[in-house]
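Enquirer: There's a structure below that I have some questions on.
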Amino acid sequence: MLTIEWSLASGWEKPYIKPLENLSLHPASSSLHYAIELFEGMKAYRGVDGKIRLFRPTLNMDRMARSARRATLPPSLGVKKPTKALLYVILSPVGPYFASGSFNPISLWADPKYVRAWKGGTGDCKLGGNYGSSIYAQQEAMELGCQQVLWLYGEDHQITEVGTMNLFLYWINEDGEYELATPPLDGIILPGVTRQSILDLARNWGEFKVSERYITMSDLTAALEENRVKEMFGAGTACIVCPISKILYKGKHLHIPTMENGPQLTTRFLNKLSDIQYGREDSDWAVLVS
């Protein structure tokens, strides 16, 4: 097989031919042709006591099983159901993404011309094909001076996810209630482990309303005009939580007052979850690895 490697630093390298059996992944692999691949973002944490912990690993395994069922294409498409699979586990030392209580807010670009997921698609599964198509939009966001994409959906511009993270809004809602809201799991939202953990914590605290509900950009802009928005943040395995400070929407920069409000709630979630992950607090969410 003719093989030519490319890199940003060197461009195209010298072509060479080598036997197929020497390749680590066969070029006819269904993973390459039809994106029949999935992955998980489960991390292991070395705690302050030197012990290794996994954070709610059964949630990762449940999601992986759901993704695997969804990734199998039917024979009617002319593509055979896979008869083999390969599981890779990447082992590499990583430190905490953010130091506890010290993190920087991000700016978002919201434009409905790009869609991350759609009803009947695979947005609720962690499949490789979901992410490749998002890179072009991410590049355009950066060209406009923003760091991430705020993905919108539908004619009413529903807020769905931010970059590769779930999204949370802490505000005073239309009924005058303090509320932590995140989009519902309706088929286009990835059921994040951190997302579920934040919902579980907030409901256990019982200090404000916790909702899985639709939020549109018109809802958000109205709340900003009426000074009802308190904090807005993304949530995921890599960062735990990431505060949001600005959204570029329809050519206008919307200021999100997350940092002016502490950010008290965002920091509280960050500290609580990282304390569990690194063994500073005992919890059945942390599974010790012998």
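Derivation of every value follows stated rules applied to the coordinates shown; laboratory data play no part. Please read all numbers here as calculations on a predicted model, not as lab measurements. When we count neighbours, we look across all protein chains shown, and the Cβ atoms used for this are built from the backbone with ideal geometry, even at glycine.
Enquirer: Work out from phi, with θ = phi - 60° and the Karplus expression 6.51 cos²θ - 1.76 cosθ + 1.60, the ³J(HN,Hα) of each residue of segment 209-216, listed in order in whole Hz, and give x for Gly and Pro.
Expert: Per-residue couplings from phi come out as 5, 10, 9, 10, 8, 6, 10, 9 Hz.
Enquirer: Ok, one more. From the helices alone, meaning DSSP H stretches of at least four residues, give me the mean residue ellipticity at 222 nm for the chain, per-run term -39500 (n - 2.57), in deg cm²/dmol to the nearest 500.
Expert: -7000 deg cm²/dmol
Enquirer: Expressed in nm to one decimal, what extension gain is obtained for the pair Ala222 and Lys43 from 0.36 nm per residue of sequence separation less their Cα-Cα distance?
Expert: That pair, Ala222 and Lys43, stretches by 60.6 nm at full extension.
Enquirer: Compute the semi-axes of the equivalent ellipsoid of segment 106-277, taking the square root of 5 times each eigenvalue of the Cα gyration tensor, and list them largest first in whole Å.
Expert: Result for segment 106-277: semi-axes of 23, 19, 16 Å.
Enquirer: Let me know the Kirkwood hydrodynamic radius for segment 1-66, please, with Cα pairs as the basis and the value in Å to one decimal.
Expert: For segment 1-66, inverting the mean 1/r across all distinct Cα pairs yields 16.2 Å.
Enquirer: Are there GluC sites (Glu not before Pro) in segment 229-290 that DSSP puts in a loop and that have at most 14 other Cβ atoms within 10 Å, and which ones?
Expert: Passing both the DSSP loop test and the Cβ count: Glu281.
Enquirer: Sticking with this one: Taking the chain as the reference, fit the longest principal axis to its C-alpha atoms, fit the long axis of helix 193-205 to the helix C-alpha atoms, and give the angle between the two in degrees, 0 to 90, nearest 10.
Expert: 20 degrees
Enquirer: Could you rank the peptides 151-161, 245-255 by their average count of other C-beta atoms within 10 Å per residue, with the highest value first?
Expert: Descending mean neighbour count gives 151-161, 245-255.
Enquirer: Which of the lysines could be linked to Lys126 by a straight reach, that is with a Cα gap under 26 Å, when you skip same-chain ones fewer than 8 residues away?
Expert: Partners found: Lys43, Lys80, Lys81, Lys84, Lys113, Lys272.
Enquirer: Where q = 0.18, 0.24 Å⁻¹, what log10 of I(q)/I(0) comes from the Debye formula for segment 177-218, counting one point per Cα?
Expert: After summing over all Cα pairs, the log10 values are -0.54, -0.88.
Enquirer: Counting other Cβ atoms within 10 Å, keep those with at most 14, restrict to DSSP loop, and tell me which GluC sites (Glu not before Pro) in segment 1-70 are left.
Expert: Glu5, Glu13
Enquirer: Running a GNM on the chain with Cα contacts under 10 Å, which residue among Tyr278, Tyr136, Tyr88 ends up with the highest mean-square fluctuation?
Expert: Highest fluctuation of the listed residues: Tyr88.
Enquirer: Let me ask something else about it. How tilted is helix 57-71 with respect to the longest principal axis of the chain? Cα atoms for both, answer in degrees (0 to 90, nearest 10).
Expert: It works out to around 60 degrees.
Enquirer: If you consider only alpha-carbon coordinates, what radius of gyration and Dmax does the chain have, in Å?
Expert: 21.1, 68
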